[in-house]
Amino acid sequence: MTTGLRKSSEPGFAACYCHRTGGTRILRRATTLESSSMTEQLTFIVYASRAAEPFDHDDLVDLLSQSRVNNSRDGITGMLVYRDLDFVQILEGPDAAVRALLERIGRDPRHSDVRVLLEEQTTERKYAAWSMGYEPTAPGDGSDGAVDALRTADDDATTRESADALGGWFHGRAGGSTDRPAPVTGG
């Protein structure tokens with residue numbers, strides 16, 4: 001079975017392999033939510049992917065710069081962790097925008113093995129200050145355990161707990177800053 005995100009035979013739909021169940025889920029672009037509530041309904045997704053080639057400093061700067069422009073335009077916030085060849089990203093925003101971004105990532109030749117680890121609906125952003133938050137990782141900095149736990153979690157509760165731990169690590173490192181540039185050293 002092919003893993004990752006791929007186009008479905010129906011326009012506006014994509015199939016996504018779910019690592020926990022081993023099944024394929026169909027993602028569709030949502031229409032605008034009609035609600036009498038003033039609270040915006042948001043989609044919160046944690047995904048992991050593998051880089052097809054190693055990302056160096058310049059590659060990360062380019063990725064972050066373009067992502068921040070696109071995410072700001074589309075109302076998406078979140079954070080990115082890159083370690084070795086592994087990406088873990090948390091995205092939050094309007095459902096249609098988050099799903100469209102995930103589809104683009106699934107088609108991006110720089111990514112392989114795109115897997116949705118957690119998907120939830122929420123009304124509150126956890127990464128509102130970051131169109132694409134990024135903090136460099138280093139062995140023993142506290143991110144390793146959270147990233148590894150996220151990649152191996154086998155149920156939603158464990159995945160949610162691991163995502164919160166990674167988010168706590170990120171918020172602790174980033175503090176009150178908004179989008180920070182990529183690290184000055186190579187990545």
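The values are calculated or read from the model by the stated rules, or taken from the named source; none is laboratory data. Everything numeric in this text was worked out from a predicted model, so none of it was measured. Don't worry about glycine lacking a Cβ; one is built from the backbone with ideal geometry, like all the others, and counts go over all protein chains shown. What goes into the accessible areas is simple: the full protein's heavy atoms, side chains included, and nothing from ligands, DNA or RNA. Shrake-Rupley method; radii C 1.70, N 1.55, O 1.52, S 1.80 Å.
Going through the range 73-87 one residue at a time, which ones are aliphatic (A, V, I, L, M) and surrounded by 22 or more Cβ atoms within 10 Å (Cβ to Cβ)? Matches in the range 73-87: ILE76, MET79, VAL81.
Which ones in the range 117-145 are farther than 24 Å from LEU101 by Cβ and in contact (Cβ under 8 Å) with a residue 60 or more places away in the chain?
Passing the criteria: only ASP144.
So that you can scan it fast, the table gives a plain yes or no per residue for (1) under 18 Å from the mean Cα position of the chain (by Cα); (2) open to solvent by less than 80 Å² (accessible area, probe 1.4 Å); (3) modelled with pLDDT under 90:
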| residue | (1), (2), (3) |
| --- | --- |
| LYS7 | no, no, yes |
| GLU10 | no, no, yes |
| THR31 | no, no, yes |
| HIS57 | no, yes, yes |
| LEU64 | yes, yes, no |
| ASN71 | yes, yes, no |
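Among the residues of the range 88-130, the ones that are open to solvent by 30 Å² or more (accessible area, probe 1.4 Å) and part of a strand (DSSP E or B) come to 6 in all. Of all the listed residues (ALA157, ALA174), the sole one being over 24 Å from GLU53 (Cα atoms) and modelled with pLDDT of 85 or more is ALA157. Restricting attention to the range 36-55, the residues being at pLDDT 90 or above, surrounded by 14 or more Cβ atoms within 10 Å (Cβ to Cβ) and of a type outside the set (A, V, I, L, M) number 6. The set of residues from the range 136-158 being over 14 Å from ASP84 (Cα atoms), in contact with a strand residue (DSSP E or B) (Cβ under 9 Å, 6 or more places away or on another chain) and either β-branched (Val, Ile, Thr) or open to solvent by less than 40 Å² (accessible area, probe 1.4 Å) (or both) comprises ALA146, LEU150, ALA153. Taken over the range 62-99, residues that are under 15 Å from GLN121 (Cβ atoms) and not β-branched (Val, Ile, Thr) amount to 8. Would a scan of the range 146-161 turn up a residue that is touching a residue at least 40 places away in the same chain (Cβ under 8 Å), touching a Gly at 6+ places or on another chain (Cβ under 8 Å) and of a type outside the set (Gly, Ala, Ser)? Scanning the range 146-161, I find no residue that is touching a residue at least 40 places away in the same chain (Cβ under 8 Å), touching a Gly at 6+ places or on another chain (Cβ under 8 Å) and of a type outside the set (Gly, Ala, Ser), so the answer is no.
Among the residues of the range 61-87, count how many are basic (Lys, Arg) and in a strand (DSSP E or B). Steps first, please.
Here is the first cut: in the range 61-87, the ones basic (Lys, Arg) are 68, 73, 83.
After this cut, where a residue has to be in a strand (DSSP E or B) as well, the list is 83.
Of the residues in that region, 1 qualify.
What is the one condition in (1) open to solvent by 40 Å² or more (accessible area, probe 1.4 Å); (2) in contact with a strand residue (DSSP E or B) (Cβ under 7 Å, 6 or more places away or on another chain); (3) basic (Lys, Arg) that ARG173 does not satisfy? Failed condition: (2).
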